[in-house]
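See below for the structure under consideration.
The values are calculated or read from the model by the stated rules, or taken from the named source; none is laboratory data. All figures in this text were calculated on a predicted structure; none of them were measured in a lab. Ideal geometry is used to build each Cβ from the backbone, glycine not excepted, and the neighbour counts take in all protein chains shown.
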């Protein structure tokens, strides 16, 4: 599991799998805002690649995932064209429900891979965990900003970023225990995805701002 | 045309010409939102330099255009002060119509120069084309995000980014045919500007999302 | 004052002091928008570190302040948790008034430190001043964009960015006079903070767009 080539392949597979679920969330958001064909591709692309790209800008890593594996840009384009041709409004709600599970997988996988990359650069634990959270959530944040909405991840009181946060700390702990990176990736991704699935199943919500009972405006 | 110094000069002229049309689009957007003097300069600056700067961050190129040619920042400042002093509300609509043509020129020139820079770094074709599109359109996207609007380029169903996309592929094809860079720049810019002018003249619109007839909300 | 180690320490202290005032502005904005715990931390973090991070991305400086001094991320987290537990809605308005003065200090300190870093890279005066303005104001701009508002700094007609702009030019002038960097930092920060305090005390507003009397929409 500590073989560098195998680890690189694992990273690539991990990022690839999560990308499709995130792109679909962008597609549906663009459809709801009635964006045109360009808007659909841009928002799907931001949702899919935005988090990883922002992480790479912050870590000063080049080339980006979508430069090294440019085939994924073609895949995104094909996905957008297919969705515009075949996805009807009455399919939106079921699609969104169906995407919750690959999205939870993506949350764990993206978060763990982002944290792993930062840990490999010997960054402090909290910075590494933050990079995982950025990777997992900022695609969705950029998607919502472009769609002129307050980002869902910041105000729906559902645990999303906090799952990636918890998974990141598990990965950092495994790393400091001296175990091989593959184990950390697996443990971190499993923790984040597991917590997200648990939160979806139980309907758990984050604590509210203490002023909720005496609104100002 | 393949002389490096001449090519660099051509690049500079190309970027300079397009910048003014883009800055004016930012000025008018800021005026419509009643921003103050700072807001006018920031939005005009984002519209003018945002696309090229984002491209340079993504390609890891330094120094930025506006660092190397800092005189352009003075020019932008002068333009904003002059506009705030002399441009009245009744001039907005005519100004906007008059700017359509230099803006179409800017679309072609910025798009081709962005694609050319990426091609010179041996990036894959689709990435190079994407860089051209980012250069040509993200100034406007940032302008609209700061003004708290859904970006025009993503929802007005007019071909804008797709013109830069088409022009980029022409440039990439010329490059792969082994012709000098100047030819590619010329062919790419002409294609994008030509398509944009054609779209403006004919009122052509992009295909709509297939759910347009059965809205969800 | 020109001792490099002392200067570095001064920089760190300067950035640290301003950070808390900026984080509180983010906290209050997030509270007003009823964001959840994640949103509160993200918006406070953007307000506190966003301007400096954007400056570092533009100047291609690494590591970021919050990577080198990761303890500040813990401090931010503690500040957010404490605020969510103890800050009640009836404390918002007084908190905001009380924060005006440390915020004015932060404006001067962040602006001067951003300009100083650019001057040390031998960038042109206007670019260095712009970097100071970005450092001092873009945390607030990002905070407002994420909260889906037109950034306050761009439309409230109160001098804020222009104070940092003026202070930056004072620093650049001191630098070109050949005086030690510490003097420039002090003069620039004092100018910006002093102008801001003066503007708050006198209620001075920026000139309005000349079309204000004949609105278009």
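The table below gives the values:
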quantity	calculated
Hey, residue A:185 closer than 21 Å to residue A:57 by Cα and either within 14 Å of chain C (Cβ to nearest Cβ) or surrounded by 19 or more Cβ atoms within 10 Å (Cβ to Cβ) (or both) or not	no
Conditions (1) closer than 24 Å to residue C:69 by Cα; (2) out of contact with any helix residue (DSSP H, G or I) (no Cβ under 7 Å at 6 or more places or on another chain); number of the one not met by residue A:178	(1)
Meets criteria (modelled with pLDDT under 90, under 23 Å from residue C:127 (Cβ atoms) and surrounded by 18 or more Cβ atoms within 10 Å (Cβ to Cβ)) for residue B:24	yes
Residue list for segment A:166-184, filter: under 15 Å from the mean Cα position of the chain (by Cα) and touching a residue at least 40 places away in the same chain (Cβ under 8 Å)	A:167, A:168
Exclusive hit being free of Cβ contacts under 8 Å to residues at least 12 places away in the same chain and buried (at least 23 other Cβ atoms within 10 Å of the Cβ), set B:36, B:60	B:36
Of all residues in segment B:30-82 being in a helix (DSSP H, G or I) and over 22 Å from residue B:103 (Cα atoms), the one that is modelled with the lowest pLDDT	B:68
Residue list for segment B:7-26, restricted to those being over 15 Å from the mean Cα position of the chain (by Cα) and either at the interface with chain C (Cβ under 10 Å from one of its Cβ atoms) or free of Cβ contacts under 8 Å to residues at least 40 places away in the same chain (or both)	B:8, B:9
Residue under evaluation residue C:126, criteria (1) at pLDDT 90 or above; (2) more than 10 Å from every other protein chain (Cβ to nearest Cβ), criterion not met	(2)
Selection from segment B:197-217 of residues that are modelled with pLDDT under 50, surrounded by 11 or more Cβ atoms within 10 Å (Cβ to Cβ) and more than 7 Å from chain A (Cβ to nearest Cβ)	B:212
Among (1) over 19 Å from residue C:45 (Cα atoms); (2) modelled with pLDDT of 95 or more, the one test that residue A:110 misses	(2)
Boolean, residue A:173 is at pLDDT 95 or above, farther than 23 Å from residue A:5 by Cα and surrounded by fewer than 18 Cβ atoms within 10 Å (Cβ to Cβ)	yes
Residue in segment A:147-162 that is nearest to the chain's Cα centre (by Cα), counting only those that are touching a residue at least 24 places away in the same chain (Cβ under 8 Å) and more than 7 Å from every other protein chain (Cβ to nearest Cβ)	A:160
Selection status of residue B:90, out of contact with any helix residue (DSSP H, G or I) (no Cβ under 7 Å at 6 or more places or on another chain), in a helix (DSSP H, G or I), surrounded by fewer than 17 Cβ atoms within 10 Å (Cβ to Cβ) and within 11 Å of chain C (Cβ to nearest Cβ)	yes
Residue within segment C:41-49 that is at the interface with chain A (Cβ under 8 Å from one of its Cβ atoms), in contact with a helix residue (DSSP H, G or I) (Cβ under 6 Å, 6 or more places away or on another chain) and on the phi < 0 side of the Ramachandran plot present	yes
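Residues checked against (1) closer than 13 Å to residue A:22 by Cβ; (2) more than 9 Å from chain B (Cβ to nearest Cβ):
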residue	(1), (2)
A:62	no, no
A:75	yes, yes
A:85	no, no
A:97	no, yes
A:100	yes, yes
A:103	yes, yes
A:106	yes, yes
A:116	no, yes
A:119	no, yes
